[in-house]
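What follows draws every value from the coordinates through simple rules; no lab data is involved. Keep in mind that this is a model prediction, so the values were computed, not measured. So basically every Cβ, Gly included, is an ideal-geometry build from the backbone, and we count neighbours across all protein chains shown.
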Protein chains: 2
Amino acid sequence: MPGSVGHVEPQRVVLFTEDDPLVLESGATLGPVEVQYETYGRLAADASNAVFVCHALTGDAHAAGHHGDAKRPGWWDTLIGPGKPLDTDSLFVICPNLLGGCQGTTGPSSVDPSTGKPYGLRFPHFTVADLVTVHRRLLAHLGIEKLHGAIGGSLGGMQVLQWALDHPSEIENGILVCASARLSAQNIAFSAVARASITGDEHFAGGDYYATGEKPRVGLSIARMMAHITYVSEESLRHKFGRDRIGEQPTFDIDFQVESYLEHQGQTFLDRFDANSYLYLTRVMDYFDPFADEAAAIARLGEVRTRFLVVSFDTDWRFPTAHSTEIARVLALAGCDVLQDEVASPWGHDSFLLEVPRYHELVAAQLAGSTSLVFLK
Amino acid sequence: MPGSVGHVEPQRVVLFTEDDPLVLESGATLGPVEVQYETYGRLAADASNAVFVCHALTGDAHAAGHHGDAKRPGWWDTLIGPGKPLDTDSLFVICPNLLGGCQGTTGPSSVDPSTGKPYGLRFPHFTVADLVTVHRRLLAHLGIEKLHGAIGGSLGGMQVLQWALDHPSEIENGILVCASARLSAQNIAFSAVARASITGDEHFAGGDYYATGEKPRVGLSIARMMAHITYVSEESLRHKFGRDRIGEQPTFDIDFQVESYLEHQGQTFLDRFDANSYLYLTRVMDYFDPFADEAAAIARLGEVRTRFLVVSFDTDWRFPTAHSTEIARVLALAGCDVLQDEVASPWGHDSFLLEVPRYHELVAAQLAGSTSLVFLK
């Protein structure tokens, strides 16, 4: 029976300092950079069993186990643990909070040593490649040179792709779940409205809201509610809520169950996420475009030794299968070892967080080197 | 060659008074109710050539011709005029601004005679049936008892459906374009976020913003931008804007062309629309559900003499063809004369506003009683 990794303690490490700063792709420097991370399982003596988890837009380092309350497990607890696809009986799993985040890793809410105040919008812009640079420094800190696997959903998958491109022999197995190599105009449009909602909030204060006692609660909750609609399928909203009503008479408050659900999504997000991090990380996604120069990308991919698994979900309309197909097409053109599969799941983009059997089988098989068995099923 | 109806003057009429108020479906009363409307073409001596245009969520009475600047024609000028599908050489076309609107018809921005101040959220809630009640009073005022046709897109089509249901022998031809008999949970979810954005705006003031010199500009523009994404297809955004950029360096302002376009949509909307009207009319759509009791609806439709044309567009993801199919299914079960067609068009929901040849052919043929010729093409 699959189990839990149990109680885990988050860890923190300063990976870059003011004297040895992170040099970003833009040329800007940033230091110190502290990273919060968690690990599950034990690193083998030869450090050959490490799997790196890259989280998505609003994730954090707490991917599995619990911090004291077993009823509140990490966000990927379905995937990580003894007997689970990322089997901690044999694998050593690492998950850090992203650069620019707000859950223990340096981001716009961190104190800028040059001013003694939170960075706010003075935090430098960064890229997916910069996220990978920080990930690699964490690996070095842990004494790991090569990964048995790297896995991520959505923005997480983008990091895996960038990592393989930039460091062609560091990842044995790269698993991209409902990822994209290039946001569409519609994807960017949704991000743009979310950002406009945050920056237009009366309490945004140009990003310097940390000391005011207020924050852009309305703007951030609207951003989250709208994004959430894109994370779930039309079908799942219909099944869960349909047109079920709460009251009889029309109001401009909460009349339908689906409104109550969405409002809850917006409100709970406020407790755990920083609006400026939302701005930075959505921009990172907008700009990600590693295949913009396809010929150059194919040339670089020719060196890549990673075996790729590219999974999408049939009801995902945030990053529909066409995004995964485009990734797999370019990888295959470059001669990479790539398996692509569209998995049936009613839950839309959020499926990557859920226990979808075939998806979990594929991930387990990829890490065990036995995907062909799953594909033949 | 199709032409323009040329210069038109909007008209206004008080259809209900305080002494003879509009009795709403809820039982509440409202008076006075003034309606702004326009007409195009000439009413035949026997009043047999009238076609009623029902506008959508953010439409107005100015459907065709111009008010002085021929470069700024009405919103359905492609459809209405000499030689056009609603041919004003032979038809008399009427288009009023909806009850609850903000373009000359009584709505939440109108003065409540009992207080001398704008209604704001004290305006009563109303339904699609109430919109039809006002439409019918306008017809009576114009001396018209029966319509050759009634046509509308989106919320406009809902009015046509309700009208035919409630008054089974008043409409000869009912034309529903990208309409719905029932918003989905996802549709309601988008509306809910739009409303939350408006009511959460610092300047909303519980709906009483008219006297403050401010209005919920941020909230209303966010609502419009988000809605606009749902009005256009993913494909059309990709073709128009793709990932084209404005600047080189990331900012939290306008970096991509699609962001500039969306911001323009949001800003121009502020000049012409009232936030409270947006709240009321979206709620009207949320609650519309004439087939909730399908057996009862079918029984009532058994009396309906209207010939229906139900058109959808293949790239419309706001009200996909499934919504039209559901309408046509129930109409057909009830034995109504109904033709349904999905028209190929790259422009999504907004296609109903655009010159899509087959759609225009179908509308013209329906009003001429010759749809079978078009269907056989």
* Asked: How about region B:46-151: which trypsin sites (Lys or Arg not before Pro) there are in a DSSP loop, with at most 15 other Cβ atoms within 10 Å of their Cβ?
  -> B:LYS71, B:LYS146
* **Part-to-part distance (alpha-carbon centres) for region A:88-110 and region B:173-210, which is given in Å** => 38
* Asked: How far is B:ASP293 from the same spot in each other copy, in nm, shortest first, if each label point sits 7 Å from Cα toward Cβ?
  -> 6.9
* Residue of B:LEU139, B:LEU86, B:LEU131 that the Gaussian network model of chain B assigns the largest fluctuation, springs spanning Cα pairs under 10 Å -> B:LEU139
* Asked: Between chain A and chain B, with a rotation axis joining them, whose C-beta in A is nearest that axis, and what is the whole-Å distance?
  -> A:GLU202, 2
* To do: Report Rg(Cα)/(2.2 N^0.38 Å) for chain A, keeping two decimals.
  => 0.97
* Asked: Taking Cα pairs under 8 Å and at least six residues apart, what relative contact order does chain A come out at, in percent?
  -> 17
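Please compute the contact order of region A:187-284 in relative form: average sequence separation of alpha-carbon pairs under 8 Å and at least six residues apart, divided by the residue count, as a percent.
It rounds to 28 percent for region A:187-284.
Sum -39500 (n - 2.57) across every DSSP H segment of at least 4 residues in chain B, then divide by the residue count to get the 222 nm mean residue ellipticity, nearest 500.
Computed ellipticity for chain B at 222 nm equals -11000 deg cm²/dmol.
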* Cut-off 13 Å (backbone N to label point 7 Å along Cα→Cβ of A:GLU145), residues of region A:301-317 -> none
* Is there a pair in A:LYS240/B:LYS117; A:LYS71/A:LYS215; B:LYS71/B:LYS240; B:LYS71/B:LYS215; A:LYS84/A:LYS215; A:LYS215/B:LYS117 whose C-alpha atoms are over 31 Å apart, and which pairs would that be? -> A:LYS240/B:LYS117; A:LYS84/A:LYS215; A:LYS215/B:LYS117
* Asked: What nm value, rounded to one decimal, do you get for the distance between A:ASP253 and B:ALA45 when each label is placed 7 Å out toward the C-beta?
  -> 6.1
* Structure fact -> The simple spin-label model distance between A:ASP314 and A:ARG329, using points 7 Å out along Cα→Cβ, in nm, is 2.2
* Using Cα-only point scatterers and the Debye equation, what is log10 of I(q)/I(0) for the protein assembly as shown at each q in 0.07 Å⁻¹, rounded to two decimals? -> -0.56
* Taking a label point 7 Å from Cα toward Cβ, how far is B:GLY27 from its twins in the other copies, in nm, shortest first? -> 7.3
* Structure fact -> Ranked by GNM mean-square fluctuation in chain B (Cα springs under 10 Å), the top entry among B:THR88, B:THR251, B:THR58 is B:THR251
* To do: Take the alpha carbon atoms of region A:44-85, find their center, do the same for region A:225-286, and report the distance between the two centers in whole angstrom.
  => 26
* Structure fact -> Along principal axes, largest first, the alpha-carbon spread of region A:187-284 in whole Å comes out as 42, 28, 21
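Write down Rg/Rh for region A:232-357, rounded to two decimals, with Rg from the C-alpha atoms and Rh from the Kirkwood relation over Cα pairs.
Here Rg/Rh amounts to 1.10.
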* Considering only B:GLU248, B:GLU294, B:GLU235, give the residue with the highest GNM mean-square fluctuation for chain B, with springs between Cα atoms whenever their separation is below 10 Å. => B:GLU248
* **Compactness of region A:8-118 as Cα Rg over 2.2 N^0.38 Å, two decimals** => 1.19
* Asked: What are the radius of gyration and Dmax of region A:76-186, computed over its Cα atoms and given in Å?
  -> 15.8, 48
* To do: In nm to one decimal, list the spacings between the B:GLU326 label point and its equivalents in the other copies, with label points set 7 Å along Cα to Cβ, shortest first.
  => 3.1
* Structure fact -> About its Cα centre, region B:187-284 carries a charge dipole, from +1 on Lys and Arg Cβ atoms and -1 on Asp and Glu Cβ atoms, whose size in debye to the nearest 20 is 340
* Send over the Kirkwood Rh of region A:135-234, from the inverse of the averaged 1/r over different Cα pairs, rounded to one decimal Å. => 16.3
* Asked: Distance in nm between label sites at B:ALA344 and A:GLU294, each 7 Å beyond Cα in the beta-carbon direction?
  -> 2.3
